[in-house]
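Reviewing the structure listed below.
The values are calculated or read from the model by the stated rules, or taken from the named source; none is laboratory data. Here the structure is a predicted model, which is why all the values come from computation and not from measurement. Because the Cβ atoms are built from the backbone with ideal geometry, glycine has one as well, and the counts that use them run over all protein chains shown. Areas reflect the complete protein model, heavy atoms only, side chains present, ligands, DNA and RNA absent. Shrake-Rupley method; radii C 1.70, N 1.55, O 1.52, S 1.80 Å.
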Amino acid sequence: MGPGLRVTAIAGLTPLERLDADPFLVDSRGQYAMCARWAADRGYVVTRQLLVHALRPDHDVLWADVDAGLVDLFVAPSDRVLRVALSSVDAFTAECARRGVRLETVGSAEPTYDAEMKARVHRRLSMPTAGYDGC
């Protein structure tokens, strides 16, 4: 597998109430950005983004694009995010191996969030229907 691989980025869905305690797990946009940088650095293309919480490893949403030949690998920012996103990382890893699909984690350090960054995440997630564009 080489350049041009098609990637599904997995982010973990964590309630806004956890923002102060664990901002990176709440900041799905930050999780996706980390995956996108990882993919771009390798010449890969993120073709799908999944935002999930405790999803079963056999759920169709994970495998539809794989079965259709549209995805070559999964990437998540870290094992910690995978533990939030999936009900069983071990079972998902085994299913990836069975299906011949790579599973990668970015492994970079998570960003440190200051009060301003947390406020941006809070605004973006608490006002999605008020026309806020996330800037």
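Quick look at the values:
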{"read-out": "Calculated P(r) of the chain - Cα pairs past 21 Å, %", "value": "42"}
{"read-out": "Where Rh is the Kirkwood radius over Cα pairs, Rg/Rh for the range 44-115", "value": "0.98"}
{"read-out": "Potential extension, ARG98-LEU70 segment - 0.36 nm per residue separation minus Cα distance", "value": "8.3 nm"}
{"read-out": "For the range 6-63, size of Cβ-based charge dipole, Lys and Arg +1, Asp and Glu -1, in debye", "value": "300"}
{"read-out": "Volume per residue that the Cα convex hull of the range 11-73 spans, once the total is divided by residue count, Å³", "value": "84"}
{"read-out": "Apportionment of accessible area to carbon and sulfur, the range 32-103, percent (1.4 Å)", "value": "50"}
{"read-out": "Among SER108, SER78, SER88, residue whose mean-square fluctuation peaks in a GNM of the chain (springs only between Cα atoms under 10 Å)", "value": "SER108"}
{"read-out": "Gained length - VAL61 relative to LYS118, 0.36 nm times residue gap less alpha-carbon distance", "value": "17.5 nm"}
{"read-out": "Tilt relative to the chain, helix 115-126 - C-alpha long axis, 0 to 90 degrees, to 10", "value": "70"}
